[in-house]
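Please read the structure below before turning to the comments.
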Amino acid sequence: MTKRLTSKYKSNRRLNADLWGRAKSPLNKGRNYGPGQHGQHRGKQSDYGVQLAAKQKLKNYYGNVSERQLRRYYIEARRRPGDTSEHLVGMLESRLDAMVYRAKFAPTVFAARQIVSHGHISVNGKRVNIPSYRVKTGDIVEVRPAARTMALIVSSGESGERSVPDYIQVDHANFAARMLSIPTLSEIPYGVEMHPSLLVVFYSR
């Protein structure tokens, strides 16, 4: 599992984007410049830099997905007929940790990854502790009974900070969610505008 050794909000400042749309982002406090000694000096980006930033936005948004995993998603998406970028975001959104986050069983995708890794989630009645596990349409994702009283999970479900997207059906009373469909880019409630097509260009160079 990929570990974040530095603050996740450094990603917001480095990319100059409030990736998760959270009030705690330093960009909302006037710190709209990069971290570090030279963070306030932003130069004009090259085409390569724009494509790299698009890749980093998606990579960081989903809890800093590893480069190997992201490239694997791209290769699989490219093999499918149709729009490669749409297939790519659909696969990212089908990750179990992303599903747990979208269903509001966790306040952040980082917390969702930890909840899954610690064995607190089941899929179709079977315990799954792999954050990258691919959820399919119709699958039932549940918080296991022993974890349903965890303050992190309860408070996340009660939070009004964000809503559950239409492609996921949630029963918060029973801590269960169903994937109704694999979403398209326009259906995914990203905190900022994402450009997965630029990531496809980056990998096809």
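The values are calculated or read from the model by the stated rules, or taken from the named source; none is laboratory data. Since we're looking at a predicted model, the values are computed, not measured. All Cβ positions, glycine included, derive from the backbone under ideal geometry; neighbour counts span all protein chains shown. Keep in mind that these areas ignore ligands, DNA and RNA; they rest on the heavy atoms of the full protein, side chains included. Shrake-Rupley method; radii C 1.70, N 1.55, O 1.52, S 1.80 Å.
Of note:
- Scanning region 119-134 for residues that are open to solvent by 70 Å² or more (accessible area, probe 1.4 Å), closer than 17 Å to residue 98 by Cβ, outside any loop (DSSP other than H, G, I, E, B) and without any contact (Cβ under 8 Å) to a residue 24 or more places away in the chain turns up nothing.
- Restricting region 58-69 to residues that are in contact (Cβ under 8 Å) with a residue 24 or more places away in the chain and not aromatic (Phe, Trp, Tyr), the residue that is surrounded by the fewest Cβ atoms within 10 Å (Cβ to Cβ): 66
- Consider region 116-168 and keep the residues that are among the acidic types (Asp, Glu) and more than 17 Å from the chain's Cα centre (by Cα). The one that is nearest to residue 186 (Cα to Cα) is 139.
- Some residue of region 111-118 being within 30 Å of residue 146 (Cα to Cα), open to solvent by less than 20 Å² (accessible area, probe 1.4 Å) and part of a loop (DSSP other than H, G, I, E, B): no
- Applying a threshold of 7 Å to beta carbon distances and a minimum spacing of six or more residues, or different chains, the list of pairs starting in region 79-106 at a residue that is charged (D, E, K, R) and ending at one that is part of a helix (DSSP H, G or I) and open to solvent by 10 Å² or more (accessible area, probe 1.4 Å) reads 80/87; 86/185; 97/113; 104/157.
- With respect to the conditions (1) surrounded by fewer than 24 Cβ atoms within 10 Å (Cβ to Cβ); (2) part of a loop (DSSP other than H, G, I, E, B); (3) modelled with pLDDT of 95 or more; (4) within 18 Å of the chain's Cα centre (by Cα), residue 107 falls short on a single one, namely (3).
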